[in-house]
Every structure is written in C-alpha cells, then in structure tokens.
1. Could you go through region 195-212 and let me know if any residue there is at pLDDT 95 or above and within 16 Å of the chain's Cα centre (by Cα).
2. Only one of these conditions is not met by W182: (1) farther than 12 Å from S79 by Cβ; (2) hydrophobic (A, V, I, L, M, F, W, C); (3) open to solvent by 30 Å² or more (accessible area, probe 1.4 Å); (4) in contact with a helix residue (DSSP H, G or I) (Cβ under 9 Å, 6 or more places away or on another chain). Which number is it?
3. With S152, S129, S121, S79 as the choices, which residue is more than 17 Å from P16 (Cα to Cα), among the hydroxyl-bearing types (S, T, Y) and either at pLDDT below 90 or open to solvent by 80 Å² or more (accessible area, probe 1.4 Å) (or both)?
4. Do we have Y143 as of a type in the set (S, T, Y) and either under 30 Å from N119 (Cα atoms) or part of a loop (DSSP other than H, G, I, E, B) (or both) here?
5. Out of all the residues in region 61-76, which are farther than 16 Å from S30 by Cα and open to solvent by 20 Å² or more (accessible area, probe 1.4 Å)?
6. Could you list all residues from region 170-179 that are touching a helix residue (DSSP H, G or I) at 6+ places or on another chain (Cβ under 7 Å) and either open to solvent by less than 10 Å² (accessible area, probe 1.4 Å) or polar (S, T, N, Q) (or both)?
7. May I ask you to list the residues in region 1-10 that are without any contact (Cβ under 8 Å) to a residue 40 or more places away in the chain and either under 18 Å from the mean Cα position of the chain (by Cα) or surrounded by 13 or more Cβ atoms within 10 Å (Cβ to Cβ) (or both)?
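The values are calculated or read from the model by the stated rules, or taken from the named source; none is laboratory data. The structure presented is a predicted model; accordingly, all values stated were derived computationally and were not measured. All Cβ positions, even for glycine, are placed from backbone atoms using ideal geometry, and neighbour counts span all protein chains on display. For the accessible areas, the whole protein counts, side chains as well, though only heavy atoms, and no ligand, DNA or RNA atoms are used. Shrake-Rupley method; radii C 1.70, N 1.55, O 1.52, S 1.80 Å.
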Amino acid sequence: DSLINNHTLVVAMDMPAFGYSDKSEFANYSDSNKIQAIHFLLNHIDELSNHTKWNLIGHSMGGITIGEYASAYPQQTRSLIFIDGLPFKRAEHSFLQKLILYPPLLKWSDVILEHYFLNPSSFQKLLTSAYSAEADSLSYTGYMNPFKIKGSGSAIFRMGANYCYPSINDSIIDATPKLIIWGNKDQWVPIMIAFDYLKKPNTESLVIEDAGHCPMETHPQEVNRAIINFISKLE
C-alpha cells in the first residue's frame with residue numbers, strides 16, 4: 001500500500017513453480033523462458049501505460065532473476081533493488097539436477113510434500129527459520145496454501161533441475177543504480193556474502209539489525225520507506 005500511495009505502479013509476479021503459477025508437467029522452467037515471460041508482460045504493460053523503465057525488486061533467488069533481466073534488457077531497467085539475494089554467476093547443471101527429472105522421483109516428490117510437509121507445523125518451522133522470529137498463522141498459512149495445488153512438489157523439482165545461475169553482465173549491473181536491503185540475522189543467506197556487492201558503484205544499502213531472510217514481511221515499514229526514498233531520487 002505504501003508504494004501504491006506513492007503513486008508507484010506495482011506489479012507482483014508468481015515465478016514459475018511458486019505461488020499460484022502453472023504446476024503442470026509441461027511448464028517450461030528454464031531461465032531463458034522465465035526472462036522472456038517477464039519481458040513479454042512488462043512490454044504489454046508498457047504499451048498500455050506509456051511506461052518506459054522499471055525498478056526491479058528481487059528477493060532471495062529473485063535477485064538473480066532481476067540481475068539477468070537487467071543484463072538482457074538494460075534499456076528497460078531504471079534500477080535494481082536486491083532483498084537478501086544477489087545476481088550470482090552461472091554454474092553448469094550438476095548430475096543431481098539431471099537426476100531429479102527422473103519420473104519416479106517427480107511422483108514421489110508430490111507424495112512426500114502432500115503427506116509429510118504440507119501441514120501447518122512444518123511450514124511454521126520453515127518460516128520461523130526464514131523470519132528469524134516466530135511466524136504467525138496468517139504467514140505460514142499464506143505460504144502453505146499455494147503448495148496445495150496439484151503437482152507443486154514435482155514443479156519445484158523441475159525448477160531445480162532447470163535452474164542454473166544466469167548470465168550476468170557485471171558492467172551493466174555496476175552502471176545501474178542499486179539498493180541492497182538485508183536482514184542482519186538472515187540464517188538462509190548470511191549478510192557476509194553481500195559485503196563485496198555493498199562496495200560496488202551506484203549502490204545504496206540498508207541493513208536491518210533484527211531482521212532475517214524476509215525483511216519485506218517482518219519489517220515492511222523500514223523496507224518500503226527505503227524503497228520509496230531510493231526510487232524518488234531517481235525520478
């Protein structure tokens with residue numbers, strides 16, 4: 001709401017395999033398809049709104065996604081906002097990544113998700129670890145419900161098998177205005193991995209002392225204020 005009240009057009013997307021996105025066995029989870037799908041959507045919005053450039057926000061693995069998008073479409077990128085995630089370089093597919101596309105494993109992944117992990121207790125424990133604070137029922141129920149969609153377990157496996165660190169153009173990233181927001185208590189992606197990035201040109205940062213991996217949820221006021229201040233200076 002705070003971003004919208006700042007007269008900012010906000011577009012939130014479910015990445016393939018997550019949220020309420022397509023979970024079918026025929027969905028394309030490749031990096032290139034993901035970037036092209038985002039490009040198609042933003043181009044369509046551009047045509048309707050006379051929009052020209054976007055402030056791209058990526059959380060966790062989303063930091064890699066926006067880094068790849070900016071590298072492919074710098075003319076469409078105004079700034080990059082990383083929240084507890086960064087654009088790491090590409091790695092080759094491992095044997096394990098190829099193995100998990102084995103059909104029986106995909107079937108079992110759905111069974112395991114449904115019978116062992118798809119319950120409030122498991123999601124509360126997972127989210128409490130991500131928050132570095134106790135997760136309430138509204139939060140873990142909100143995360144759990146999309147996984148009730150048929151095929152969610154195997155969709156995550158397919159995404160993992162197709163996932164590899166995308167092509168990043170360091171020169172473009174360095175030249176693009178950046179805001180890095182990090183939770184100092186992040187147990188999933190420790191802040192120490194961001195130290196080199198904090199020294200990059202055109203970079204501002206906010207470290208939230210008592211936040212974990214999801215500061216935009218646990219500390220929305222601080223995060224949204226930082227984003228608004230950052231993008232306001234770019235206009």
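1. yes
2. It fails just one condition, (3).
3. Numbers: S152 fails: more than 17 Å from P16 (Cα to Cα); S129 fails: either at pLDDT below 90 or open to solvent by 80 Å² or more (accessible area, probe 1.4 Å) (or both); S79 fails: either at pLDDT below 90 or open to solvent by 80 Å² or more (accessible area, probe 1.4 Å) (or both).
Only one candidate qualifies: S121.
4. In short, yes.
5. Matches in region 61-76: S71, Y73, P74, Q75.
6. Looking only at region 170-179, we keep the residues that are touching a helix residue (DSSP H, G or I) at 6+ places or on another chain (Cβ under 7 Å), and these are 172-173, 176, 179.
Of everything in region 170-179, those that are touching a helix residue (DSSP H, G or I) at 6+ places or on another chain (Cβ under 7 Å) and either open to solvent by less than 10 Å² (accessible area, probe 1.4 Å) or polar (S, T, N, Q) (or both) turn out to be I173, T176, L179.
7. V10
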